[in-house]
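First comes the structure, then the notes that go with it.
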Amino acid sequence: MLGHSEVEGQDVDVPFVVALQTKEEERLDVLLPRFEKYARDAYPDTEREMTKSSIRLKFSDKVNFDLVPLFATQDPERQLLVRSDGERRETSVQKHVEFIRTRTQKGASQPGRVCFNELVRLFKWWRCFQQSEARVLKEIPSFLVNLLAAYAFDQRSVQITYAETIADWMGILARAVRKRTPIGFADFGPIPSVEDGVIWAVFDPVNSQNNAADKWSGVACDELGDWLEESRDAMYEAIAAFDDERETDGMSSLVRVFGNPIIDHSDPAA
């Protein structure tokens, strides 16, 4: 992503399932340095960063790869994610892939050219740009973006164009955030109920005990709501401007949503 913007690049999670040989290997302070060595040996000239559960490779093309070790369990379709603070969460790489694939296939059957998985990428791009000027939300996990996009898709499917779909989804999500509407999915089991005292719940479809927004404050929710509402309005303004052949106004509105890189990734003739 170019365009003279301080927000550049995207992230890709690459899971590695590890079969533990000793109890010592359960400790991330043992496992992550080992993965850091693997990354250093394979890409000695690439910048690296250790996060709370991964090794991040920062390539020169502004694409970051997070190498995420997961522990194998007795169930081949279940893994264990362990964070540096000791938190352990059960997950399933296979089921999460199925979760996204199902919606991508369903979206492809709708009229128009809009693809669900590409919309997810656009929302992650949007997230990166909005975070650059955040008051509270310095980092929204990609996993949470996946779930929010899936919720919007389940509510409204896709429109004929990307612009219409993005604007529509942002409106749906803004209302959900403002009302603290619990978000859950019945793909692999019943949707759980929200416990008392939880500010907002976005449930992992694979593990109902995992609320992806469990550490969010009301202030953080309000800031996300602000982003969504402002971007929704800007998208509708862009649609109206392009319909009226006011290309400059339309592009200015899009920059408010995606930043300067959108200029370099737009085809004036499209």
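The values are calculated or read from the model by the stated rules, or taken from the named source; none is laboratory data. Predicted model only: the values in this text are computed from it and were never measured. Cβ coordinates were reconstructed from backbone atoms using ideal geometry, including for glycine residues, and neighbour counts include every protein chain displayed.
For a quick check of your reading of the model, give me the residue pairs whose first member lies in segment 96-110 and is under 21 Å from Leu70 (Cα atoms), whose second is aliphatic (A, V, I, L, M), with beta-carbon atoms closer than 8 Å and at least 6 apart or on different chains.
His96/Val206; Phe99/Ala150; Phe99/Val206; Ile100/Val120; Ile100/Ala150
For segment 65-111, enumerate the residues that are touching an Asp or Glu at 6+ places or on another chain (Cβ under 8 Å) and part of a loop (DSSP other than H, G, I, E, B).
Within segment 65-111, Thr73, Arg78, Ser84, Ser92 qualify.
When both residues are 6+ apart or on different chains and their Cβ atoms are under 8 Å apart, which pairs have a first residue that lies in segment 204-217 and is exposed (fewer than 14 other Cβ atoms within 10 Å of the Cβ), and a second that is not in a loop (DSSP other than H, G, I, E, B)?
Gln209/Arg89; Gln209/Glu90
Take the residues in segment 8-29 that are of a type in the set (D, E, K, R) and in contact with an Asp or Glu (Cβ under 7 Å, 6 or more places away or on another chain); name whichever of them is modelled with the highest pLDDT.
Asp13
Being at pLDDT 90 or above, hydrophobic (A, V, I, L, M, F, W, C) and part of a loop (DSSP other than H, G, I, E, B) is the filter here, so list the residues in segment 141-166 that pass it.
Val158, the sole residue that qualifies.
Can you name every residue in segment 112-123 that is over 17 Å from Gln155 (Cα atoms), in a helix (DSSP H, G or I) and not acidic (Asp, Glu)?
Arg121, Leu122
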